[in-house]
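Scroll down for the structure; my scribbles are underneath it.
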Amino acid sequence: MILTITKCGIRQRFAFQRWGWGERPYVRHSSHTRWWLVILFLPVVFVSGLVSANETPTLTPLVVATDLHQLSHQSRQQKLPILLVYSAESCEYCQRLEEDILEPMLRAGEFNGRVIIRKVMVDSVLDLKDFGGHNINAEEFAFQQGVQVTPTLRFVDASGNDLVTEMIGYNTPAMYGAYVINAINQSRQLMLRQH
């Protein structure tokens, strides 16, 4: 059975087919209906695309360490601990840690005036200056520091000595931010006692 219904000047045909216990209409739209739908919903899709693009937060990338010797001078002057984030390009957990915990904390200003944070890319071919001012490969530096797993967070003083226990891996995402803040606070207190 085919019915022709006129609604708002657009003709629609419904062909009823039997499905199980009841009848469900199968709607066939004419080409005019399709154009009206395109014209009606195109601005909505365009505007929603702009809104979602504007809502995407901009990430604050962690600064990659290149000169830890200069960083040690800054740490001594400001009496701030240094947070070294050991990461690797191919490490999925490193990326998740940065995106979920560290970058939002940077954007929120959680580290301002409390800690100096740098990322050490253990798979980088570039050299960096260690705390003694010597050029060294980042992978070799991580090996000398005893870092075997990424991500690893080390909270160190101006000489590169550990202040608190390092955080190895990325587990318990719900609590990880609190663990980082706690380690920063303990490191900061120990730095203030040293001077």
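The values are calculated or read from the model by the stated rules, or taken from the named source; none is laboratory data. Model, not experiment: these values are computed from the prediction. Every residue, glycine among them, receives a Cβ derived from its backbone with ideal geometry; neighbour counts consider all protein chains shown.
Do any residues in the range 83-103 that are on the phi > 0 side of the Ramachandran plot have Cβ atoms under 9 Å from those of residues that are surrounded by 14 or more Cβ atoms within 10 Å (Cβ to Cβ), where the two are at least six apart or on different chains, and which pairs are they? Partner pairs satisfying both residue conditions: none exist. Any chance the range 139-151 includes a residue that's at pLDDT 95 or above, under 17 Å from LEU80 (Cα atoms) and assigned by TED's automatic domain parsing to the domain that holds PRO81? No: the range 139-151 contains no residue that is at pLDDT 95 or above, under 17 Å from LEU80 (Cα atoms) and assigned by TED's automatic domain parsing to the domain that holds PRO81. Only residues that are farther than 21 Å from CYS91 by Cβ and part of a strand (DSSP E or B) were counted across the range 121-131, and they come to 1.
The number of residues in the range 138-165 being touching a Phe, Trp or Tyr at 6+ places or on another chain (Cβ under 6 Å), touching a residue at least 60 places away in the same chain (Cβ under 8 Å) and not small (Gly, Ala, Ser) comes to 5. Just one of (1) surrounded by 15 or more Cβ atoms within 10 Å (Cβ to Cβ); (2) touching a strand residue (DSSP E or B) at 6+ places or on another chain (Cβ under 9 Å); (3) closer than 20 Å to ILE184 by Cα fails for GLN74. It is (1). Only one of the listed residues (SER124, SER90) is crowded, with 16+ Cβ neighbours inside 10 Å and either farther than 17 Å from LEU71 by Cβ or in contact with an Asp or Glu (Cβ under 9 Å, 6 or more places away or on another chain) (or both). That residue is SER124. Restricting attention to the range 157-179, the residues being among the aliphatic types (A, V, I, L, M) and touching a strand residue (DSSP E or B) at 6+ places or on another chain (Cβ under 7 Å) number 4.
To keep it simple, each residue is scored yes or no on (1) exposed (fewer than 15 other Cβ atoms within 10 Å of the Cβ); (2) assigned to a strand (DSSP E or B); (3) of a type outside the set (Ser, Thr, Tyr).
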{"site": "MET105", "(1), (2), (3)": "no, no, yes"}
{"site": "GLY113", "(1), (2), (3)": "yes, no, yes"}
{"site": "GLY133", "(1), (2), (3)": "yes, no, yes"}
{"site": "ILE136", "(1), (2), (3)": "no, yes, yes"}
{"site": "ALA158", "(1), (2), (3)": "no, no, yes"}
{"site": "TYR170", "(1), (2), (3)": "no, no, no"}
{"site": "MET175", "(1), (2), (3)": "yes, no, yes"}
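Does PHE155 fit the bill of being aromatic (Phe, Trp, Tyr), within 18 Å of LEU83 (Cβ to Cβ), more than 24 Å from the chain's Cα centre (by Cα) and in the same structural domain as GLU99 (by TED's automatic domain parsing)? No, not satisfied. Residues that are among the hydrophobic types (A, V, I, L, M, F, W, C) and buried (at least 19 other Cβ atoms within 10 Å of the Cβ) within the range 138-156 comprise ALA138, PHE141, ALA142, VAL147, LEU153, PHE155, VAL156, listed in sequence order. Taking the criterion of being touching a helix residue (DSSP H, G or I) at 6+ places or on another chain (Cβ under 6 Å) and of a type in the set (Asp, Glu), the only residue of the range 119-148 that qualifies is ASP130.
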